[in-house]
C-alpha cells in the first residue's frame with residue numbers, strides 16, 4: 001500500500017515524487033520511457049544545449065567587434081548532437097539518483113487506473129497490481145500533427161520536436177510550420193548554423209501570448225539573421241519537400257530539406273484509465289481546481305495533462321502544490337506570475353500581464369519602457385545589440401503587473417520580476433531595492449524609475 005502513486009516521470013511527476021518522498025510519504029512513480037519526460041529528453045534541456053552551441057558560434061563570428069579575431073570558423077554538427085545526448089543522459093541519471101535518495105520506488109512501465117475501493121485507488125502496471133491512497137496523474141502532452149493533406153506521406157521529410165533532435169546531418173534548408181516558442185527556437189538554432197529557414201504562421205504575429213511589441217521586434221532581429229517569415233498564412237498541403245500555403249489570398253509554396261511541424265501540443269489522456277473512475281476532462285485536458293484536485297476524491301493531476309500552462313516550471317510547481325496539500329500544508333496554484341522564455345539569440349522573457357492581456361481583462365495600467373542599452377553591462381557585452389525592457393503597473397496602486405525583456409540574458413533575470421509580482425511589490429518598494437552594479441538586471445530598476 002502506497003501513500004502516493006504518480007503516473008508520469010516528467011517535471012510534474014518526478015518533482016512531486018522527490019518532495020513527497022522527502023516528507024516521508026511512501027511513493028511509487030511509474031514512467032514508461034525515460035525519467036525527466038519530454039522536457040528533459042525531447043524538449044527543454046536538449047534544445048537549450050543546442051541553442052547554447054549556436055550562441056557560442058554566433059559570438060565567435062562576432063568576435064572582431066570585441067577585439068577577438070577567430071578565423072576559419074567551422075561547426076561540427078555531429079559533435080553538437082553528441083554533447084546534447086551526453087547532457088541529457090547525465091541529467092536523467094541525476095533525476096534517478098535524487099528519486100532513490102528520497103526512497104521513491106520507480107517502476108519503468110505504463111500504469112493504468114483500474115478502479116477505486118474503500119481501501120484506495122487500484123492500478124496495474126507490467127502485469128502487477130498496486131494499491132495507493134492517492135494518485136497524481138502527470139502523463140504530459142504530445143506534439144499535434146494537423147490534418148494537412150500530404151503531411152503524413154512525407155515521412156522522411158516531416159519532423160516534430162522529437163525527430164528533429166535526432167538528425168544526423170545539418171539540413172541545408174528548413175521549413176517551420178508554426179511560429180510558437182518551439183518553432184522559433186529551432187529556427188534560431190538552425191539559422192545560426194547556416195540553414196536557410198522559412199517560417200509559416202497562421203496568425204499576424206509570432207509567439208502568441210508574449211508581448212506583441214517585443215515579438216515583432218524579435219521577428220525583425222531574426223529576419224536580419226536570414227529567417228524568412230510568412231505571417232497570416234495557412235498551410236494547405238505538403239508534397240514531398242514542398243509546402244503549399246495561402247498568403248494574403250495568394251497561393252505560394254516553399255521547399256525544405258526538412259519540414260518541422262510545430263503547431264502546439266495536446267494532453268496525453270488516453271490509456272491511463274481515466275474513464276474507469278470517471279475523471280472529468282476540460283478542453284482535452286484533465287479538469288482540476290486550485291489544489292490540482294480532479295472531480296474524483298484522492299485523484300490529482302499536474303503538468304501538461306491539464307492542458308492549461310504547458311511549461312515545465314509550471315508543472316513542477318503544480319506537483320508541489322499537490323504534495324503540500326497531502327502533507328497538511330494548504331497550498332493553492334497561482335498562475336499570475338509564471339515566467340515564459342524564448343531561448344533565441346537574443347533571449348525574450350516575460351512574466352505577468354502583457355498589455356494585450358491587460359486590455360482584454362479591462363485592467364487599468366501604466367507602462368514604461370527603456371532600451372536595454374540603459375544598463376551599462378548590456379552595452380559592454382552586446383556590441384551593437386538592441387533590446388527593450390517593459391514594466392506594467394496598476395494604475396491606482398502601482399503594483400507590478402507584468403515585466404517583459406528582449407535581450408541577453410533576460411532568462412536569468414526574469415525570476416526577479418516574478419518575485420515582485422508574487423509579492424505584489426509597488427514601484428516605490430522596487431525603487432528601494434539595491435541591484436548589483438554593473439549588471440544587465442539593473443535595467444529592471446531603471447525602467448521602474450522611468451514612470
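For every residue, the table says whether it meets (1) free of Cβ contacts under 8 Å to residues at least 60 places away in the same chain; (2) in a helix (DSSP H, G or I); (3) on the phi < 0 side of the Ramachandran plot.
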site	(1), (2), (3)
317	yes, yes, yes
322	no, yes, yes
328	yes, no, no
331	yes, no, yes
334	no, no, yes
344	no, no, yes
349	no, no, yes
367	yes, no, yes
370	no, no, yes
In the set 171, 204, the lone residue that is out of contact with any strand residue (DSSP E or B) (no Cβ under 6 Å at 6 or more places or on another chain), over 23 Å from residue 37 (Cβ atoms) and at pLDDT 95 or above is 204
Scan segment 117-129 for residues that are surrounded by fewer than 18 Cβ atoms within 10 Å (Cβ to Cβ) and either part of a strand (DSSP E or B) or in contact with a strand residue (DSSP E or B) (Cβ under 9 Å, 6 or more places away or on another chain) (or both) and jot them down. 117, 119, 124, 126, 128, 129
Return the residues of segment 293-303 that are assigned to a loop (DSSP other than H, G, I, E, B), crowded, with 20+ Cβ neighbours inside 10 Å and touching a helix residue (DSSP H, G or I) at 6+ places or on another chain (Cβ under 8 Å); say none if nothing qualifies. 302
Quick one: which of 263, 288 is in a loop (DSSP other than H, G, I, E, B), touching a helix residue (DSSP H, G or I) at 6+ places or on another chain (Cβ under 9 Å) and under 30 Å from residue 196 (Cα atoms)? 263
Looking at 51, 91, can you tell me which residue is surrounded by 15 or more Cβ atoms within 10 Å (Cβ to Cβ), more than 23 Å from residue 378 (Cα to Cα) and under 23 Å from the mean Cα position of the chain (by Cα)? 91
Find the strands (runs of 3 or more DSSP E) located wholly in segment 131-235 whose residues include 3 or more that are under 19 Å from the mean Cα position of the chain (by Cα) and either more than 30 Å from residue 26 (Cβ to Cβ) or touching a residue at least 60 places away in the same chain (Cβ under 8 Å) (or both), and list them. 141-143
Conditions: (1) surrounded by fewer than 16 Cβ atoms within 10 Å (Cβ to Cβ); (2) under 26 Å from the mean Cα position of the chain (by Cα); (3) closer than 30 Å to residue 4 by Cα. Residue 328 meets all but one. Number of the miss? (2)
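Quick grid of which residues meet (1) part of a helix (DSSP H, G or I); (2) in contact with a strand residue (DSSP E or B) (Cβ under 6 Å, 6 or more places away or on another chain):
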| residue | (1), (2) |
| --- | --- |
| 5 | no, yes |
| 13 | yes, yes |
| 21 | yes, yes |
| 48 | yes, no |
| 55 | yes, no |
| 64 | yes, no |
| 83 | yes, no |
| 93 | yes, no |
| 115 | no, yes |
Please work out if residue 34 is over 20 Å from residue 130 (Cα atoms) and outside any helix (DSSP H, G or I). yes
Are any residues in segment 194-225 in contact with a helix residue (DSSP H, G or I) (Cβ under 6 Å, 6 or more places away or on another chain) and surrounded by fewer than 23 Cβ atoms within 10 Å (Cβ to Cβ), and if so, which ones? 205, 212, 225
Any idea how many residues of segment 304-316 are surrounded by fewer than 21 Cβ atoms within 10 Å (Cβ to Cβ) and over 20 Å from residue 144 (Cα atoms)? 1
Test residue 148 against the stated conditions and say whether it is under 27 Å from residue 270 (Cβ atoms) and either assigned by TED's automatic domain parsing to the domain that holds residue 304 or modelled with pLDDT of 95 or more (or both). yes
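This table checks each residue for (1) farther than 29 Å from residue 190 by Cα; (2) in contact with a strand residue (DSSP E or B) (Cβ under 7 Å, 6 or more places away or on another chain).
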residue: 237; (1), (2): no, yes
residue: 246; (1), (2): no, yes
residue: 260; (1), (2): no, yes
residue: 263; (1), (2): no, yes
residue: 273; (1), (2): yes, yes
residue: 278; (1), (2): yes, no
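The values are calculated or read from the model by the stated rules, or taken from the named source; none is laboratory data. Keep in mind it's a predicted model, so treat the numbers as computed, not measured. Virtual Cβ from ideal backbone geometry, glycine too; neighbours counted across all protein chains shown.
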